[in-house]
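Asker: One structure coming up, written as structure tokens, with questions to follow.
The values are calculated or read from the model by the stated rules, or taken from the named source; none is laboratory data. Keep in mind that this is a model prediction, so the values were computed, not measured. Don't worry about glycine lacking a Cβ; one is built from the backbone with ideal geometry, like all the others, and counts go over all protein chains shown. Heavy atoms of the whole protein, side chains included, go into the accessibility calculation; ligands, DNA and RNA do not. Shrake-Rupley method; radii C 1.70, N 1.55, O 1.52, S 1.80 Å.
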Amino acid sequence: MKIKSLHTNIPIRSILRWLWRSSADNRLQAVLNTVIGLLETVVSLASVWAMKNAIDIASQQVGLQGQSGAVPTSQREDLMWAIAIMAGLILSTFALRVASVWVRNILGIKAQNRMQQRMLSRILHSQYQGRDALHSGDVLNRLEQDVATVVNFVAETLPDILSIFTLFLGAFGYLFILDYRLALVIVILFPLFLLLSKLYVGRMRQLNRDVRESDSMVQSILQDSVQNRLLVKSLESEDSLVDRLDDEHRILRRKVVRKTYFSVFSNVVVSMGFATGYLVAFGWSAFRLAAGTLTYGGMTAFLQLVNRIQGPARNLARTVPKFVSVFTAAERLMMFEEIPLEEEKEPQLLDGCCGVEFSDVSFAYADEPDKMILSHFSFDFRPGTCTAVTGRTGAGKTTLLRMILAILAPVSGRVYIYNKVERMEASPSTRCNIIYVPQGNTLLSGTIRDNLLLGNPDATEAEMSEALRMACADFVDDLPDGIDTVVTENGGGLSEGQAQRICIARALLRKSSLMILDEATSALDEGTERQLLKNLFENKSRTVIFITHRPAVLKYCDAHVEIDR
């Protein structure tokens, strides 16, 4: 199954259902943000009342006025209480903001980490499709930026929207009580706002998708250039790659400019509508104040309430791009879920030495069904034997070993893993019987110990030392930090041959009986290769399948299979 193109629009309803399912790990943060937002709304509306009350008391529109012109004691006390209430509301606002920052920084990073872990687990446990549909740079871009967009939307934007609506309804109700005609005039523009929003979302969604696609391409070029900088240097292609990056940056900038033009134009139109509403409210309250039908505090309350009605509308306008961004991010993450997962069963570890039998196996990739990689292939890799598999590049050697690992499944025929008493079809559950050493340098950044423990997390010091000896990697003992020597990405700090031997030692720690070596000695000198092969083949406790182009390996093998299409 291929991943769909980014230009495929997933229905919004499906995206919303996916967002709800994906919010399971974020709901605590969402609930806390909702509670904080609602409390901020209550404090905000209470502040309007408190300011109106304080202004009316100070202007002697509320309370008693002494005959001598002096401010009565009771009025001074009322004014002090009004100021105290305002001070308490201000402190409450500060406290709620601190709580909001704490929730965002502490729980937010946890929620993002959990979603990244879940997405990575989904990718690692999915079926291998034979050919990667997405560049690894694009995948990383999705795991970082798109995950952050989804988490922030679920945990922060949605609670904010609830608070916005609550503030709008509360401010509208308060203003309606003071002057229902003004309240209706202020909100009459909202149907037009909703219509414009619908038009805006459709166009902005496509523009945002284009920007994210270009951003992923930029990251892919950066990642390729950094990972292969030695190759780039050897080809003297530094300037060529920088120019290629510059071309992609130009494309990205053009898309960002188009998106920005559209966003600015839309914001100007919406802002003009809000400004018109505020001027109407100001003029309305000014005329009422001049006519003596409104107090100073009442006018202040009018303007604050209008601001608290329009403020939510402005905030809603600002959330529309967030909806667009999260729809795009969700589409990009949902594509991972279109790849089926591998079947999950308990590992089926066979006793003793295992063999592998191919029975009339044929294979072709799904996108090229007429191009057979293997056709009616049959062979028995008998337990305890060593078999060399040779053939020209592209003949199907790698495909063969991937079917043994059950990473690929035959189009027809069967692959069996067996011992003296049991026989089962190759599947992810039989992978525990296999030691696999891929070609090239596959060390991860970290210490040599970290890499070895990937083969067996429970390996003892003695077992790691023995695995290093078997792999002719006892040079590790002479390193300054020994087994705790730090290597960088792709084994930086070691030669290719040294890294290859540590990879073999890592594989040997699995203690499985079926060993697949894919050009695993390509970087070794003849003497080291000879000793390594002698160590591996000194007893018949393992079945060894050696994918190789090197003739020296053949004399150590019991059988030889040449793959040729």
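Asker: What FRET efficiency comes out for residue 445 versus residue 59 if R0 is 51 angstrom and r is the Cβ-Cβ distance? Round to the nearest 0.05.
Answerer: Efficiency computed from Cβ-Cβ geometry: 0.15.
Asker: Using 7 Å Cα-to-Cβ label points, what is the residue 289/residue 380 separation (nm, one decimal)?
Answerer: So the label points at residue 289 and residue 380 sit 10.0 nm apart.
Asker: When a/c reaches 1.5 or more, the comparison of a/b and b/c decides; with that in mind, is the range 365-429 rounded, prolate or oblate per its Cα gyration tensor?
Answerer: It comes out oblate by the Cα gyration axes.
Asker: So, one more: Using only the Cα atoms of the range 397-464, build the gyration tensor, take square roots of its eigenvalues as a ≥ b ≥ c, and label the shape rounded, prolate or oblate: rounded if a/c is under 1.5, else prolate if a/b is larger than b/c, else oblate.
Answerer: Verdict is oblate for the range 397-464.
Asker: Using a basic spin-label model with each label point 7 Å from the Cα along Cα→Cβ, how many nm lie between residue 541 and residue 17?
Answerer: 5.4
Asker: Separate question: Determine the share of the range 443-543's accessible area contributed by carbon and sulfur atoms, expressed in whole percent, with a 1.4 angstrom probe.
Answerer: Here it works out to 47 percent.
Asker: Ordered by residue, what ³J(HN,Hα) values in Hz, to whole numbers, does the range 442-459 give under the Karplus form 6.51 cos²θ - 1.76 cosθ + 1.60, where θ = phi - 60° and Gly and Pro are x?
Answerer: Once θ is set to phi - 60°, the couplings for the range 442-459 become 10, 6, 9, 5, x, 8, 4, 4, 4, 5, 5, 5, 5, x, 7, x, 9, 5 Hz.
Asker: So, one more: Quick one: 3J(HN,Hα) in Hz for the range 325-333, Karplus 6.51/-1.76/1.60 with θ = phi - 60°, rounded, Gly and Pro as x.
Answerer: Each residue's phi maps through the Karplus curve to give 4, 6, 4, 5, 4, 5, 4, 5, 7 Hz.
Asker: With a 1.4 Å probe and every protein chain left in place, work out the accessible area per residue of the range 371-481 in Å², rounded to a whole number.
Answerer: Per residue, the range 371-481 has an accessible area of 46 Å².
Asker: Another question, if that's okay. Dipole size in debye (nearest 20) for the range 490-544 around its Cα centre, Lys and Arg Cβ +1, Asp and Glu Cβ -1?
Answerer: Charge dipole of the range 490-544: 420 debye, to the nearest 20.
Asker: A further question follows. Output wanted: per-residue J couplings in Hz (rounded whole) for the range 417-425, from phi through Karplus 6.51 cos²θ - 1.76 cosθ + 1.60, θ = phi - 60°, x for Gly and Pro.
Answerer: 10, 8, 10, 5, 10, 10, 8, 9, 5
Asker: Hey, another quick one. Compute the FRET efficiency between residue 268 and residue 246 as 1/(1 + (r/R0)^6), taking r as their Cβ-Cβ distance and R0 = 35 Å, and round to the nearest 0.05.
Answerer: E between residue 268 and residue 246, to the nearest 0.05, is 0.65.
Asker: Starting from the Cα-Cα distance between residue 49 and residue 110, subtract it from 0.36 nm times their residue separation and give me the gain in nm to one decimal.
Answerer: This chain segment gains 18.1 nm when fully extended.
Asker: Let me ask something else. Whose amide H sits under 5 Å from the amide H of residue 374, counting only residues 5 or more places off or on another chain, with H placed in the peptide plane?
Answerer: 363
Asker: Set the Förster radius R0 to 22 Å, insert the Cβ-Cβ distance between residue 495 and residue 469 as r into 1/(1 + (r/R0)^6), and round the FRET efficiency to 0.05.
Answerer: Given R0 = 22 Å and the Cβ-Cβ separation, E is 0.75.
Asker: With a 1.4 Å probe and every protein chain left in place, work out the accessible area per residue of the range 509-562 in Å², rounded to a whole number.
Answerer: Normalised by residue count, the accessible surface of the range 509-562 is 46 Å².
Asker: Additional query: Provide the packing ranking of 507-513, 360-366, 29-35, 251-257, i.e. peptides ordered by the mean count of other C-beta atoms within 10 Å per residue, highest first.
Answerer: Put in order of decreasing packing, that is 507-513, 29-35, 360-366, 251-257.
Asker: Enumerate the aspartates and glutamates that residue 397 could reach by cross-link, defined here as Cα to Cα under 19 Å, with residues fewer than 8 away along the same chain left out.
Answerer: Partners within reach: 132, 357, 360, 368, 370, 380, 518, 519, 558, 562, 564.
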